[in-house]
Every structure is written in structure tokens, then in C-alpha cells.
Amino acid sequence: MTPHNSKTKTALVLAGGGITGFLYEVGVLTALDQLGARGMSNEFDVYVGTSAGSVLAALLVNGARPAEIFEAVSENKTDSLFYFQSRDILGVGSGGPVRMISQFARAMTGTLWRAVRAKQWPSFAQMFADFQEHHPPGFYSTEALEATLCARFSALGYHHQFDQLQHELLVTGTDIDTGERLIFGAGEYRDSHICRMVAAPARYRFSFARSASAIETSSMEASRK
């Protein structure tokens, strides 16, 4: 596996999957770098990511080594800039805890009412899927993720703008209300702020059941272009 080729461009496409997906990709890339006896993960021409994959892609394109991230996480180095805790990633929506509880109650009431109308008590998995589909937007906030990335990028001397990068970075997402594909780092979003755009798709993508396949397809299409 040789990422760099003088005649063609190569792309590293990183999917989502939350913290589990992030750690899985870090582990795989660390192993590949060790297998190739060099930092192959940092030699691609284009980096494409969505959700957790976009966080890792933004780090790699700026020069972070997967082994550094792996070491920080596996050895629980809480003082490392590559170590992330839950409070660094998610927070309560803009309305605060009261609004979040109210949203949860309304969404759950709707889920139970639909079950009553169907005259069939659903399984827990069905109720969870229904809740996931109908809960209101803004349930969680990714402002913490944006702030964390900005602070750590500054501390590490990383670039904050897409158009400052040596290699291309594309962050993909899908607006679940309109079905519109979003590619941050290209076109009108070319001069955008990386940390803001990496956190932004999470505001579109909480309904994973409806949008996950569209996002992965979007990532692959972006890498081809």
C-alpha cells in the first residue's frame, strides 16, 4: 500500500462511529504505519471524513501521527493534547438542561402515543428507533468539540483554515431535513474554519438511522472528485 503516486491522487476516507469509530480508525492506521515502517497515514493527497472521522482527518492532515493519538488514549495520558474526554466533545443544547429535559419528554410522549395508536406495544429497539427519528434538533450541542479543537490546534501550531493546508481536507455531512449533501472544504466552503466545520455536521446528523448511509456515500463521492 503506497499512498503517494506521481500520476494519481490518493485519498484516505474516514467514516464516523463516535468515539468507538474514532479509536478503531486510530488503531488501524497506527498498525498500518508500523507495517509500512513509515508514516503512511500522513502521505495521502486528500483526507475525507465525516463525524468522528472528520476529527481524525483534521488531525492527520495537520501532521498528527496516529501512534501519538493511540499512545495518549491507550495509556490514559490525560495531559496529552490528543486525549479527549466526553466533556470535550458534547454538551447540552443551547436551551440548557431544562430545555433538553422538556424536549426529551415531548419526544418520548410522542413515541408512546404512536405506539398506543398502532395498538401494538413495540419492542425497546423499535421505540428507540422511533425516538431517534422524531426527537427535535438541538438536543445536544457540539460547541464543546469546536472549542476543544480550536484550542488544541492553536497549542499544536496547526492550521485553522482549509485553504491553508498542504493537503486537501474534505468534511462531509448530510442535512437530514433537506437531504442536501454538504462538503466542507470545497466550493463555497473552501475558506471555512476547520474546527467549526468539523463540529457543524454533527448538528445535522444526530438521526443516524436516516442519514448514515447517505453520509458514507457522500464521503466516497467526495474522495473520487
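The values are calculated or read from the model by the stated rules, or taken from the named source; none is laboratory data. Just so we're clear, the structure is a prediction, and the values are computed from it rather than from any experiment. Ideal geometry is used to build each Cβ from the backbone, glycine not excepted, and the neighbour counts take in all protein chains shown. Surface areas here come from the heavy atoms of the whole protein model, side chains and all, with no ligands, DNA or RNA. Shrake-Rupley method; radii C 1.70, N 1.55, O 1.52, S 1.80 Å.
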*asked:* Going through Val61, Val13, Val26 one at a time, which residue ends up being buried (at least 20 other Cβ atoms within 10 Å of the Cβ) and touching a His at 6+ places or on another chain (Cβ under 6 Å)?
replied: Val61
*Go through the stretch 72-87 residue by residue and tally those that are among the aliphatic types (A, V, I, L, M) and in a loop (DSSP other than H, G, I, E, B).*
1
*Name the residues in the stretch 43-78 that are under 11 Å from Leu12 (Cα atoms) and in contact with a Lys or Arg (Cβ under 7 Å, 6 or more places away or on another chain), would you?*
Asp45, Val46
*Determine whether Gly91 is of a type in the set (Gly, Ala, Ser), open to solvent by less than 50 Å² (accessible area, probe 1.4 Å) and either out of contact with any strand residue (DSSP E or B) (no Cβ under 9 Å at 6 or more places or on another chain) or at pLDDT 75 or above (or both).*
no
*Does the stretch 98-117 contain any residue that is at pLDDT 80 or above, farther than 21 Å from Asp191 by Cβ, among the hydroxyl-bearing types (Ser, Thr, Tyr) and buried (at least 17 other Cβ atoms within 10 Å of the Cβ)?*
no
